[in-house]
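Chemist: Can you read through this structure? Questions will come right after.
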Amino acid sequence: MLELKNISKSYGKNESMVLKDLSLEFDEGNCLAIVGGSGCGKTTLISIIAGIIEPSEGEVFFNGKNIKNIRDDIAVVFQGYGLFPWKTVRKNVILPLQLKHEKSEYHLADKIIEDLGLYEVRNSYPSQLSGGQKQRVALARALMAKPKLILLDEPFSAIDPILREKLCSKFRTYFKENDIMVVLVTHSVKEAAYFGDKILVLGNEENTGKILDNNLAGKMGTPEVRAIHNIIKKAMLGGG
């Protein structure tokens, strides 16, 4: 279980409040989507969950343990990708296995590379890739770390719409089948409605966030799903 207790975060001399008294509980095997406009605290929140930065107030617990530092069972994919420019796609992806000395698992890396449509560029370097390809390499590397919780900051933003929808569906299924908890940060209302069993809407006037339960996660195109879109949009505007 992921548990946030009264999380607040302020920056600067004037103590500009980004997050205020945010609490939620999130069960194993579920997907949480965090949606909101630019500057509302989405990346700050996943950095706090990852143990990269400390909250000004409050605590984060994962499987009963207080998160105060970076942990091996939590993986993060930020928008900057973090790829090593001197390593090929395949060598970037297998890095977690090399660090754990798990050479016998290299076939899993090859499968993920193929599943993400990266097989043809597996021997290419990051400088030779498109933004969408770099994003997929970063995702593949995170999966190879075999995390129990994965935090994704706009993972599909540099990918064309058709592939974006396909990957969103593929990864939601993958996370469910492997009991991986996932937190997805997105600007897309449609993506949040499809991906999140729970949806955290940030950016209201109180900076406290609004949590929505979504029993239609994993579905697309029905009137009920479009209704969820409207509920999210209303929450983003401070209503509801």
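Chemist: Compute the relative contact order of region 1-78 as a whole-number percentage, counting only Cα pairs closer than 8 Å that sit 6 or more residues apart in sequence.
Modeler: Taking the mean separation of contacting Cα pairs over the length of region 1-78, I get 35 percent.
Chemist: Could you grab the relative contact order for region 86-146? Cα pairs under 8 Å, six or more apart, rounded to a whole percent.
Modeler: 51
Chemist: Just check region 86-146 against the gyration tensor rule for me: Cα atoms, a ≥ b ≥ c as the square roots of the eigenvalues, rounded for a/c under 1.5, and otherwise prolate or oblate depending on whether a/b exceeds b/c.
Modeler: Prolate, because a/c is 1.5 or more and a/b exceeds b/c.
Chemist: Further question: Checking the table LYS5/LYS233; LYS20/LYS42; LYS111/LYS198; LYS42/LYS233 against a 19 Å threshold on Cα-Cα, which pairs fail? Write down the numbers at each step before the final one.
Modeler: Numbers: LYS5/LYS233 26 Å; LYS20/LYS42 13 Å; LYS111/LYS198 30 Å; LYS42/LYS233 16 Å.
Check vs 19 Å cut-off fails for LYS5/LYS233; LYS111/LYS198.
Chemist: Expressed as a rounded percentage, what relative contact order does region 81-239 have, with Cα pairs under 8 Å and six or more residues apart?
Modeler: 17
Chemist: Given the rule -39500 (n - 2.57) for each run of at least 4 DSSP H residues, summed and divided by the residues of the chain, what is its mean residue ellipticity at 222 nm, to the nearest 500 deg cm²/dmol?
Modeler: Mean residue ellipticity at 222 nm (helix-derived): -10000 deg cm²/dmol.
Chemist: Still on this structure, please answer the following. List the trypsin sites (Lys or Arg not before Pro) within region 1-43 that DSSP assigns to loop and that have no more than 16 neighbouring Cβ atoms inside 10 Å.
Modeler: Filter output for region 1-43: LYS13.
Chemist: Taking only Cα atoms and a 10 Å spring cutoff, compute GNM fluctuations for the chain and point out the largest among HIS229, HIS187, HIS101.
Modeler: Sorting by GNM fluctuation, first place goes to HIS101.
Chemist: How about LYS91: which aspartates and glutamates have a C-alpha closer than 15 Å to its C-alpha, ignoring those fewer than 8 places off in the same chain?
Modeler: Straight-distance partners of LYS91: GLU102, GLU105, ASP110, GLU114, GLU120.
Chemist: Would you list ASP213, ASP72 from fewest to most Cβ contacts within 10 Å?
Modeler: The most exposed by this proxy come first: ASP213, ASP72.
Chemist: Sticking with this one: To check you understand DSSP bridge types, tell me what percent of the beta bridges within the chain (both residues inside) are antiparallel, rounded to 5.
Modeler: Counting DSSP beta bridges with both partners in the chain, the antiparallel share is about 50 percent.
Chemist: Let me ask something else. Does region 15-155 come out rounded, prolate or oblate, given a ≥ b ≥ c as the square roots of the eigenvalues of its C-alpha gyration tensor, rounded meaning a/c under 1.5 and, failing that, prolate meaning a/b above b/c?
Modeler: Prolate shape, in that a/c is at least 1.5 and a/b is the bigger ratio.
Bear in mind these aren't lab numbers, they're just calculated from the coordinates by the rules spelled out. Treat the numbers as computed from the prediction; the structure is a model and nothing was measured. Here Cβ is always computed from backbone atoms with ideal geometry, including for glycine, and neighbour counts include all displayed protein chains.
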